[in-house]
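Heads up: the structure comes next, in structure tokens.
A short reminder: the numbers here are calculations on the coordinates, not readings from a lab. Predicted model only: the values in this text are computed from it and were never measured. Cβ placement follows ideal geometry from the backbone for every residue including glycine, while neighbour counts extend to all protein chains displayed.
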Amino acid sequence: MAKTIPEDSVGLVTPELIHFDEPLELRSGSVINVYDLMVETYGELNAEKSNAILICHALSGDHHAAGYHDADDEKEKPGWWDNCIGPGKAFDTNLFYIVSLNNLGGCAGSTGPSTINPETDKPFGPDFPIITVRDWVKSQARLADYLGIDQWAAVIGGSLGGMQVMRWAISYPQRLRHAIIIAAAPKLSAQNIAFNEIARQSITSDPDFHAGRYHDHGTYPKRGLTLARMIGHVTYLSDSAMRDKFGKDAIQENFGRDLRTGKLNFSYEVDFQVESYLQYKGETFSSQFDANTYLLITKTLDYFDPSVDYEFDLSKAFAQSTCKYLVISFTSDWRFPPERSKEIVDTLLKAKQQVSYLEVEADEGHDAFLLPIPRYIDALKSYLGCVAAELNKQDDKQGVSADAG
Amino acid sequence: MRADLEIIQQWIAPESRVLDLGCGDGAFLAHLKKEKNIRDCGLEIDVDNINLCLQAGVNVIEQDLNKGLSNFESDSFDTVLLAHTLQTVERPDILVEEMLRIGKNCIITFPNFAHWRHRLKLLSGGNMPQSSSLPYEWYDTPNIHHCTIRDFDRLCRERNIKILRRTVVDFTHRSSFLMNLHPNLFGINAIYHFTR
């Protein structure tokens, strides 16, 4: 029997693989001649093609942002932003046509390091070129062309997704009306890059990495990728979130030090729940994600700095933009803390742009942007409510002038 | 719309850039957008108000006035507005200076603490005055820097601030003969439009 799908879900969805054969020139100077993008869409594109929203994913995300793939699998979790996307939800599929893709270089169906290189009949592996946020956005613009969308009603993303949103506003100012940038930063700090470098070193120093050609050896750098993810995971949580998660022992306030078996082992085995949790999360991730993609995307993050083309003055980068902005940060996020989002806001003010900013009180750390925090969801709902209203007005106007003509 | 805002809106030029410090639910900025096509920016710290601003399509930034306005560039707005908030900030004088730096002109409204009813309450009962414009107890009031029309006039004199207009109004935001004669005694709310 088919499983019960919640009423406010987009339901069963089928991703589509879209082929592009116009060569894509990359920031690095390399060229990708042909590529595929794995795409999911939710809701209906209106006749004016004015109600489209682009969702940009972060490091480990993909095209599957909402709904389900399997009608029978009871254990299947919905897409990664399901709490925001659906009928009546913040990104209301009754009003908007929502497009979500797996970025180039990813490992969920779009062309990336694990794709077979037609020239060698082997996976690209380390030969896959470094992709920057600018390249992603360029490929997303081609996707918009393919879908017949001249202008997005909004482009939305959290973390690395937020960086893509900024790049959209800079590279294609006429092609979006609203930019929603969540838990992001104008560029990575040395500390951010440091964590990425530790993650990369974990992967590349794994004997199973084989200089990135692990597919050829029928293996993958499980330990390295597990470690990389464990480090990453810690930076997505906050101290207080971990205290809550691993401190359920009601007898004492123990700072998240719940034991796994109820007693210390006096050995180097796992003692605390947090250890086994991280190992489990890391291992699960390592079996589902491609190590070369992980390396690639950490570089994409490190390289992001749109100010480099504007004498290191980001406000000049935004000067030509015409969209409105909503920037949101979370108090306990220490990966991209509120001060970093404020930098974006202040830069936008300096560039005389229209911007709204919220600093949402949340204990969940960087991960908060994926969670149904009431104030955050309400803000998205309120903002997009206006976007929808504005859409109707605009379409009415066009309708009137068309009638008059 | 709150009646002091009725008066203020006449002083705001169409198509201008307006920064509203403590913009509340954004209704006033939304009104100015609709009527005067202004470019709006509001600052607010109340969570519910911020959400109402978003619903109204008003640009709102979550920012505490007491932490300064250094992120706003000099002369980046035509009008900077501070309605019924001056008496709640830690350093009203610094805020006024910042408003003058950011805006070409500024508008401030505040409840006149020297209104005769307040004076009478203090004189007769010896208690901190309460009224419909000052409804709080002394211990829970957000109004930590009460001032009078005479006080604000003096601040402007000392700081070389040029007062463009000053209106003193009652609850219905009408002016009267008495208010014009003795604003500091009969004015309930003061509205200043000033520049440097």
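Give the separation of the Cα centroids, the stretch A:264-300 to the stretch B:10-59, in Å.
48 Å
Roughly how crowded by other chains is peptide B:51-60, in terms of the mean Cβ count from those chains within 10 Å of each of its Cβ atoms?
For this peptide, the per-residue mean of nearby foreign Cβ atoms is 6.
Within the stretch A:249-380, what percent of beta bridges assigned by DSSP are antiparallel, to the nearest 5?
10 percent
Tally the DSSP beta bridges in chain A and give the antiparallel ones as a percent, rounded to 5.
35 percent
For the stretch A:139-206, what log10 I(q)/I(0) values come out of the Debye formula at q = 0.22, 0.25, 0.28 1/Å, with one point per alpha carbon and no solvent?
-0.88, -1.02, -1.17
How much length is gained on full extension from residue A:146 to residue A:233, taking 0.36 nm per residue of separation minus their Cα-Cα distance?
27.7 nm
Once label points are set 7 Å from the Cα along Cα→Cβ at both residue A:76 and residue A:389, what is their separation, rounded to one decimal in nm?
It is 3.8 nm.
Using only helices, what value at 222 nm comes out for chain B when you add -39,500 (n - 2.57) per DSSP H run of length 4 or more and divide by the total residues, to the nearest 500 deg cm²/dmol?
-9000 deg cm²/dmol
Show me, for the stretch A:62-76, the HN-Hα J-couplings you get by feeding each phi into the Karplus relation (A = 6.51, B = -1.76, C = 1.60, θ = phi - 60°), rounded to Hz, glycine and proline as x.
Working through the residues one at a time gives 7, 5, 7, 8, 8, x, 10, 9, 10, 6, 10, 5, 5, 8, 4 Hz.
Using square roots of five times the C-alpha gyration tensor eigenvalues, list the equivalent-ellipsoid semi-axes of the stretch A:1-77 in whole Å, biggest first.
30, 17, 12
Per the Kirkwood treatment, what hydrodynamic radius in Å, one decimal, follows for the stretch A:16-168 from the mean inverse distance over all distinct Cα pairs?
16.1 Å
If r is the Cβ-Cβ distance from residue B:139 to residue B:166 and R0 is 45 Å, what FRET efficiency results, to the nearest 0.05?
Given R0 = 45 Å and the Cβ-Cβ separation, E is 0.90.
In whole Hz, what ³J(HN,Hα) sequence does the stretch A:282-297 give by Karplus (6.51, -1.76, 1.60; θ = phi - 60°), x for Gly and Pro?
Using θ = phi - 60°, the values come out as x, 5, 4, 4, 5, 7, 10, 10, 8, 5, 5, 5, 4, 4, 4, 6 Hz.
Can you compute the FRET efficiency between residue A:361 and residue B:34 using 1/(1 + (r/R0)^6), with r the Cβ-Cβ distance and R0 = 41 Å? Round to the nearest 0.05.
Details: r = 32 Å, r/R0 = 0.78.
After rounding to 0.05, the efficiency reads 0.80.
If N is the number of residues in the stretch B:63-131, what value comes out of its Cα radius of gyration divided by 2.2 N^0.38 Å?
1.42
Percent of alpha carbon pairs in the stretch A:79-188 separated by more than 23 Å?
Tail of the P(r) past 23 Å holds 36 percent of the pairs.
Residue by residue, what Karplus-based ³J(HN,Hα) values in Hz, rounded to whole numbers, does the stretch A:199-207 have, using 6.51, -1.76 and 1.60 with θ = phi - 60° and x for Gly and Pro?
4, 5, 4, 4, 6, 6, 8, 6, x
Would you mind checking which residues have amide H under 5 Å from residue A:335's amide H? H placed 1.01 Å from N; only 5 or more apart, or other chain.
Under 5 Å from the amide H of residue A:335: A:366.
Determine the gain in length on full extension of the stretch residue A:371-residue A:130; use 0.36 nm per residue of separation and subtract their C-alpha separation, reporting nm with one decimal.
Length gained between residue A:371 and residue A:130: 83.7 nm.
Using Cα atoms only, what is the angle between the long axis of helix A:222-236 and the major principal axis of chain A, expressed in degrees (0 to 90) to the nearest 10?
Once rounded, the angle reads 60 degrees.
Output the direction-averaged projected area (hull surface divided by four) of the convex hull of the alpha-carbon atoms of the stretch A:171-215, in nm².
The orientation-averaged projected area of the Cα hull of the stretch A:171-215 comes to 5.8 nm².
Given contacts defined as C-alpha pairs under 8 Å and at least six residues apart, what's the relative contact order of the stretch A:78-151, whole-number percent? Could the numbers behind the result be given before it?
Working: 52 pairs, mean separation 10.6, N = 74.
Relative contact order for the stretch A:78-151 comes out at 14 percent.
How far is helix A:133-147 tilted off the main Cα axis of chain A, in degrees rounded to 10, range 0 to 90?
Roughly 50 degrees, rounded to the nearest 10.
Give the lysines whose C-alpha is closer than 22 Å to that of residue A:89, dropping any in the same chain fewer than 8 places away, or say none.
A:3, A:49, A:77, A:324, A:381, A:393
Counting only Cα atoms, I'd like the Rg/Rh figure for the stretch B:137-189, Kirkwood definition for Rh.
1.04
Relative contact order of the stretch A:53-207: what whole-number percent is it, with Cα pairs under 8 angstrom and at least 6 residues apart?
Relative contact order for the stretch A:53-207 comes out at 21 percent.
Under a cut-off of 25 Å between alpha-carbon atoms, report the lysines in cross-link reach of residue A:299, not counting same-chain residues fewer than 8 places apart.
A:122, A:138, A:187, A:222, A:281, A:316, A:342
Evaluate the distance, in nm, between pseudo-label points positioned 7 Å from the Cα of residue B:196 and of residue A:18 along their respective Cα→Cβ axes.
Taking the two extended label points, one gets 5.3 nm.
To the nearest Å, what is the center-to-center distance of the stretch B:83-107 and the stretch A:28-95, using C-alpha atoms only?
Result: 46 Å between the Cα centres.
Compute the angle between helix B:149-158 and the longest alpha-carbon principal axis of chain B, please, reported from 0 to 90 degrees and rounded to the nearest 10.
Tilt relative to chain B: about 60 degrees.
If you take every residue apart from residue A:282 with its C-beta less than 14 Å away from the C-beta of residue A:282, what net charge results, scoring Lys and Arg +1 and Asp and Glu -1?
Within the 14 Å Cβ shell, the charges total +1.
Could you work out the helix-only [θ] at 222 nm for chain A, with each DSSP H run of four or more residues adding -39,500 (n - 2.57) and the total divided by the number of residues, to the nearest 500 deg cm²/dmol?
Counting only the DSSP helices, I get -11500 deg cm²/dmol.
Let's test this: bin the Cα-Cα distances of the stretch B:1-115 at 10 Å from zero up to the farthest pair and state each bin's percent.
15, 49, 33, 3
I need to check one value: relative contact order of the stretch A:127-250, counting alpha carbon pairs closer than 8 Å and at least 6 residues apart, in percent.
On the way: 122 pairs, mean separation 20.8, N = 124.
Value for the stretch A:127-250: 17 percent.
Take the Cβ-Cβ distance between residue B:91 and residue A:352 as r, set R0 to 30 Å, and report the resulting FRET efficiency rounded to the nearest 0.05.
The value I calculate is 0.65.
In nm, to one decimal, how far is the residue A:34 label point from the residue A:313 one, both placed 7 Å along Cα→Cβ?
Using points 7 Å along Cα→Cβ, the separation is 4.6 nm.
Compute the Rg/Rh shape ratio of chain A: radius of gyration over Kirkwood radius, all on alpha-carbon atoms.
That ratio equals 0.97.
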